[in-house]
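This is the structure I have questions about; it appears just below.
Quick note: the coordinates plus some simple rules give every number you see, no bench work behind them. Quick caveat, the model's predicted, so the values are computed rather than measured. Counting neighbours? That spans all protein chains shown, and the Cβs are built from the backbone with ideal geometry, glycine included.
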Amino acid sequence: MSKPVALITGAHRGIGAAIAKKLASEGFALALAARSLDALNAFAAQLAAQGADVAVFGCDVSDPAQVDALVKGIQEKFGRLDAVVNNAGITRDGLLLRMKEEDWNAVLDINLKSVFLVSKAALRLLLKSSQARIVNVSSVVGVTGNAGQTNYAASKAGMIGFSKAMAREYATKGLCVNVVAPGFIESDMTGHLNEAQTAAALGQIPAGRMGTGDDVAAAVSFLVSASSAYVTGQVLCVDGGMAM
Ligand code: NAP
C-alpha cells in the first residue's frame with residue numbers, strides 16, 4: 001500500500017519545515033506548498049536526500065484557483081490525501097487606529113480564508129482516507145488576544161471557530177479537525193523582535209523559554225496519527241503555559 005500523504009502549507013521554513021521533517025520521519029509522503037518555489041525546491045531536496053517522498057507546489061493559499069490547482073496536483077501525483085496541515089501565515093502588526101485596511105485584508109486572506117479554501121478543496125479526497133485529519137496552526141494570540149495584532153488575533157480566533165464547526169460537520173465521517181496554537185516560537189516570524197520585545201515576551205511564558213518548531217511538530221504529529229482518532233474540535237496550545 002502507498003504511504004499516507006500529508007499536505008503542509010507554508011512548509012519551507014520555520015514551523016512548517018519542522019512539521020514536514022517530523023511527518024516524513026513518521027512515514028508520510030509530503031506535498032509541500034508555499035509561494036516561493038525556489039525555497040520549496042531547496043528544502044525538498046534536503047528531505048529527499050534523507051529518503052523522503054516529497055512533491056512541491058508553488059501556491060498562494062489565499063487564491064482559490066491556485067488552491068484548486070494544488071489539490072488537483074496532489075491527486076495526480078499521489079492519488080490520495082490523508083492529512084492537511086494549514087500552517088501558512090503572516091503578520092502585519094499595528095495598533096488599530098493606524099491599521100490599514102490592506103493589512104487587515106492580507107492577514108485575514110492568508111491566515112483564515114486560506115483555511116476555508118484549502119479545507120474545502122481537499123475535502124473530497126481527504127474523506128476517502130481511513131485516517132483523515134486536518135490540523136490548523138493557529139496561535140495563542142487567537143485565544144488570548146494581543147495588543148497590536150487585532151488582524152492576526154481575529155484570523156487566528158477565526159481558525160478556531162472554523163475548525164470546531166468543521167469538526168462537527170465531519171465527525172461521523174472519521175475526519176478529525178483540530179487546532180494547534182503555538183505560543184512564542186523561534187522562527188523568521190519572531191526573529192525581527194528586538195531584545196526588549198523578546199524579554200517582554202519571555203516574561204509571559206511560565207516555561208521561561210521560547211518554543212521550537214519541533215515542539216509544535218510533536219503536537220501535530222499526534223493529531224495526524226491513528227492515536228488521535230477520538231480527538232476532534234480541540235485546541236492544543238503549545239506555548240510553555242502562556243495561555244493558561
Ligand atoms: P514563517 O517562518 O514566517 O513561515 C511562514 C510560511 O508561510 C512560509 O513558508 C511562507 O512561504 C508561507 N506563506 C506565507 N504566505 C503564504 C501564502 N499566501 N501562500 C502560501 N504560503 C504562504 O512563519 P512561522 O513562524 O513558521 O509560522 C508558521 C505558522 O505558525 C503561521 O501560521 C503562524 O501564524 C503560526 N504561529 C507562529 C508563531 C511563532 O512564534 N513563530 C506563534 C504562533 C503561531 P512563502 O513566503 O514562500 O509563501
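Quick check: net charge around H12, other residues with Cβ under 12 Å of its Cβ, Lys/Arg +1 and Asp/Glu -1?
Charge balance near H12 sits at +1.
With Rg and the Kirkwood Rh both taken from Cα atoms, where does Rg over Rh land for the stretch 138-203?
1.11
For the stretch 81-196, what is the Kirkwood hydrodynamic radius in Å, using each pair of distinct C-alpha atoms?
Evaluated on the stretch 81-196, it is 15.0 Å.
Here is a follow-up. For the stretch 158-244, state the average projected area of the convex hull of the C-alpha atoms over all orientations, rounded to one decimal in nm².
6.4 nm²
Express in nm, to one decimal, how much length is gained between Q66 and A196 on full extension, taking 0.36 nm for each residue of separation and deducting their alpha carbon distance.
42.8 nm
For the stretch 1-116, what is the convex hull (Cα atoms) projected area averaged across all directions, in square nanometres?
7.6 nm²
Calculate the translational D of the chain in whole µm² s⁻¹ from Stokes-Einstein, where the hydrodynamic radius comes from the Kirkwood formula applied to all Cα pairs, the temperature is 37 °C and the viscosity 0.692 mPa s.
Working: Rh = 17.9 Å.
Using the Kirkwood radius from Cα pairs, D works out to 183 µm²/s.
Cα centroid distance between the stretch 50-80 and the stretch 163-188, in Å?
Here the two parts' Cα centres lie 20 Å apart.
Shifting gears a bit: Could you work out the relative contact order of the chain? I mean the mean sequence separation of Cα pairs under 8 Å and 6+ apart, divided by the number of residues, in percent.
It comes to 20 percent, rounded to a whole number.
Could you tally the net charge around A24, taking each other residue with its Cβ under 14 Å from the Cβ of A24, Lys/Arg +1 and Asp/Glu -1?
Combined, the nearby Lys, Arg, Asp and Glu give -1.
A follow-up question, please. Just want the ordering: T9, T198, from fewest to most Cβ atoms lying within 10 Å of their own Cβ.
Lowest count first: T198, T9.
Can you compute the radius of gyration and Dmax for the stretch 193-237, using only the Cα atoms, both in Å?
Gyration radius and largest Cα-Cα distance of the stretch 193-237: 14.7, 43 Å.
Which value at 222 nm does the chain reach when only helices count, each DSSP H run of 4 or more adding -39,500 (n - 2.57), with the total divided by all residues and rounded to the nearest 500 deg cm²/dmol?
Numbers: 10 runs with 109 residues, N = 244.
That comes out to -13500 deg cm²/dmol.
In debye to the nearest 20, how big a dipole does the chain give about its Cα centre with +1 on each Lys and Arg Cβ and -1 on each Asp and Glu Cβ?
Approximately 720 debye in magnitude.
What's the extension gain from I90 to E102 if we count 0.36 nm per residue and subtract their Cα-Cα distance?
Details: separation 12, 0.36 × 12 = 4.32 nm, distance 1.31 nm.
Between I90 and E102, full extension yields 3.0 nm more.
Now for a different question. Mind sorting M244, M1, M189 by how few other Cβ atoms lie within 10 Å of their own Cβ, fewest first?
M1, M244, M189
Going from the alpha-carbon gyration tensor of the stretch 1-43, what semi-axes, largest first and in whole Å, does one get by taking the root of 5 times each eigenvalue?
On the way: eigenvalues 67, 23, 12 Å².
Semi-axis lengths for the stretch 1-43 are 18, 11, 8 Å.
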